[in-house]
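The values are calculated or read from the model by the stated rules, or taken from the named source; none is laboratory data. Here the structure is a predicted model, which means the values were calculated and not measured. Here Cβ is always computed from backbone atoms with ideal geometry, including for glycine, and neighbour counts include all displayed protein chains. Ligands, DNA and RNA are excluded from the accessible area calculation, which covers all protein heavy atoms including side chains. Shrake-Rupley method; radii C 1.70, N 1.55, O 1.52, S 1.80 Å.
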Amino acid sequence: MRILLTGAAGAIGTFLRPVLLARYGTLRLFDRIAISDLNEGEEAILGDVADLEQISLSTDRSEERRVGKE
């Protein structure tokens, strides 16, 4: 199961990452701030939760996609 964690670069997201990764094995991290310290099983997507299209693309199961500027 892949979990989408919004706000992954923030204080709560940073705290939740290892807990969720240990439980579910795969995380898709979504934030407006780039996340550079990825662990195995984590994928980072740069985007804004206020943009419905970016959220839709980040939850698409057919293909892994990156949205936003890097």
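Structure summary
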| quantity | calculated |
| --- | --- |
| Selection within the stretch 1-24 - of a type in the set (A, V, I, L, M, F, W, C), open to solvent by 70 Å² or more (accessible area, probe 1.4 Å) and either in contact (Cβ under 8 Å) with a residue 60 or more places away in the chain or not in a helix (DSSP H, G or I) (or both) | MET1 |
| Close pairs from the stretch 26-55: first of a type in the set (Gly, Ala, Ser), partner not in a strand (DSSP E or B), Cβ under 6 Å, at least 6 apart | GLY41/LEU21; GLY41/GLY25; ALA44/ILE35; ALA44/LEU38; GLY47/GLN54; GLY47/VAL67; GLY47/GLY68 |
| Where ILE55 falls short, out of the listed (1) hydrophobic (A, V, I, L, M, F, W, C); (2) within 16 Å of ILE3 (Cβ to Cβ); (3) at pLDDT 85 or above | (3) |
| Where LEU46 falls short, out of the listed (1) at pLDDT below 95; (2) open to solvent by 60 Å² or more (accessible area, probe 1.4 Å) | (2) |
| All positions within the stretch 25-37 that are outside any strand (DSSP E or B) and surrounded by 13 or more Cβ atoms within 10 Å (Cβ to Cβ) | ARG32, ILE35 |
